[in-house]
1. Given (1) surrounded by fewer than 18 Cβ atoms within 10 Å (Cβ to Cβ); (2) not assigned by the TED database to the domain that holds residue 187, where does residue 75 come up short, assuming only one miss?
2. Would you pick out the residues in segment 138-159 that are among the β-branched types (Val, Ile, Thr) and either under 13 Å from residue 186 (Cα atoms) or open to solvent by less than 50 Å² (accessible area, probe 1.4 Å) (or both)?
3. Could you give me the residue pairs with C-beta distances under 6 Å whose first residue belongs to segment 257-277 and is more than 25 Å from residue 169 (Cβ to Cβ), whose second residue is among the acidic types (Asp, Glu) and open to solvent by less than 50 Å² (accessible area, probe 1.4 Å) wherever it lies, and which are 6+ apart or on separate chains?
4. I'm trying to understand the selection: among the residues of segment 271-287, which are under 19 Å from residue 43 (Cα atoms) and open to solvent by less than 30 Å² (accessible area, probe 1.4 Å)?
5. Among the residues of segment 247-295, write down those that are among the aliphatic types (A, V, I, L, M), touching a helix residue (DSSP H, G or I) at 6+ places or on another chain (Cβ under 7 Å) and part of a loop (DSSP other than H, G, I, E, B).
6. Among the numbered criteria (1) out of contact with any helix residue (DSSP H, G or I) (no Cβ under 7 Å at 6 or more places or on another chain); (2) assigned by the TED database to the domain that holds residue 10, which single criterion is violated by residue 111?
7. May I ask you to verify whether residue 34 is away from the ligand (no atom under 16 Å from the Cβ) and either acidic (Asp, Glu) or modelled with pLDDT under 95 (or both)?
8. Is segment 9-21 home to any residue that is β-branched (Val, Ile, Thr) and either buried (at least 19 other Cβ atoms within 10 Å of the Cβ) or modelled with pLDDT under 95 (or both)?
Amino acid sequence: MGLVIYLNGEFVDEEEAKISVFDHGVLYGDGVFEGIRAYNGRVFRLSQHIDRLYESAKSILLDIGMTKEEMSEALLETLRRNNLRDAYIRLVVTRGKGDLGLDPRMCSKPTVFIIAAQIQLYPEELYEKGLEVVTVPTRRNIVEGVNPRIKSLNYLNNILAKIEANLAGVSEAILLNNEGYVTECTGDNIFIVKNGEVITPPPFLGILEGVTRNSILEIAEKLGYRTAEKVFTRHDLYVADECFLTGTAAEVVPVVKVDGRVIGEDGKPGKITATLIREFRKLTAVDGTEIYPNR
Ligand code: PMP
């Protein structure tokens, strides 16, 4: 027996979880998704992820055909059927089965599936030593096109950037927008710390508004740090005191080198970054929707 997958209202073994080759999610990347994590029997920020999913779907005029409550329950039940307390959850809604043309009117019913799998933790070393990253030639999608605020199934732009990071032999790519402002990485948001201020680009610039990003802003404010959502350039990155990335999968990861420039004084993860990593871990251990409320 493999994983139990939620697929269109049913729970099936992963071997049985099949979708049509005419699904527009496969043919055109026409759909939306979420990546969510459960820690210690609780789903972190479930309602924020579900809200973002429905906003992404609304933006591309995709009717999910389920209420948010039904979707949340389907997700929790998928975790229960797999007996998971710590997990990475992938929730996908595609336009559904259509014909070979791209017209979404040919798709009468969306495809919804939920995969809950054991989480593959990154090595702890990564969090202690920090990453080297580069800025890459591929630009973040323009907001007038597929707005990066939509968590769409079309990640090819991000994949191109990831290939560029791979070719450069580093862990992550930073994408700029067409005006040269720093946006985000291929699957993570970016922060810098300068003179004690915790800074991250604003959503209107064309970024995915990360749930982890927003949690970090909240935590930083609670701890009394100054925070700002403002645009910055590569130069600001190079001369930052600290830099880190945030995302559901990676959580909070320090960056110690950007385009060959050592960040901060000594190339070690910064103090504020380390504090935010610690506080974020404290929060995820206790805050979230209970998967097994009656146990
Ligand atoms: N930016 C992009 C492009 C992403 O794919 C992700 C991961 N979903 C993030 C940022 C981080 O968002 P979150 O903290 O909600 O996982």
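The values are calculated or read from the model by the stated rules, or taken from the named source; none is laboratory data. Just so you know, these numbers come straight off a predicted model, no measurement behind them. Positions of Cβ are generated from backbone atoms using ideal geometry, with glycine treated the same way; all protein chains shown enter the neighbour counts. Quick note on the areas: whole protein, heavy atoms, side chains included, nothing else; ligands and nucleic acids left out. Shrake-Rupley method; radii C 1.70, N 1.55, O 1.52, S 1.80 Å.
1. Here residue 75 meets the rest and fails (1).
2. Applying the first criterion (among the β-branched types (Val, Ile, Thr)) to segment 138-159 yields 138, 142-143, 146, 150, 159.
Once the filter is applied, which keeps residues that are among the β-branched types (Val, Ile, Thr) and either under 13 Å from residue 186 (Cα atoms) or open to solvent by less than 50 Å² (accessible area, probe 1.4 Å) (or both), segment 138-159 yields 138, 150, 159.
3. Pairs found: 272/242.
4. Those that are under 19 Å from residue 43 (Cα atoms) and open to solvent by less than 30 Å² (accessible area, probe 1.4 Å): 277, 280, 284.
5. Selection gives 291 alone.
6. In the conditions (1) out of contact with any helix residue (DSSP H, G or I) (no Cβ under 7 Å at 6 or more places or on another chain); (2) assigned by the TED database to the domain that holds residue 10, residue 111 misses (1) alone.
7. Judged against the criteria, residue 34 is not a match.
8. Taking segment 9-21 as the starting set, the residues that turn out to be β-branched (Val, Ile, Thr) are 12, 19, 21.
Now drop any that are not either buried (at least 19 other Cβ atoms within 10 Å of the Cβ) or modelled with pLDDT under 95 (or both), which leaves none.
Checked segment 9-21: no residue is β-branched (Val, Ile, Thr) and either buried (at least 19 other Cβ atoms within 10 Å of the Cβ) or modelled with pLDDT under 95 (or both).
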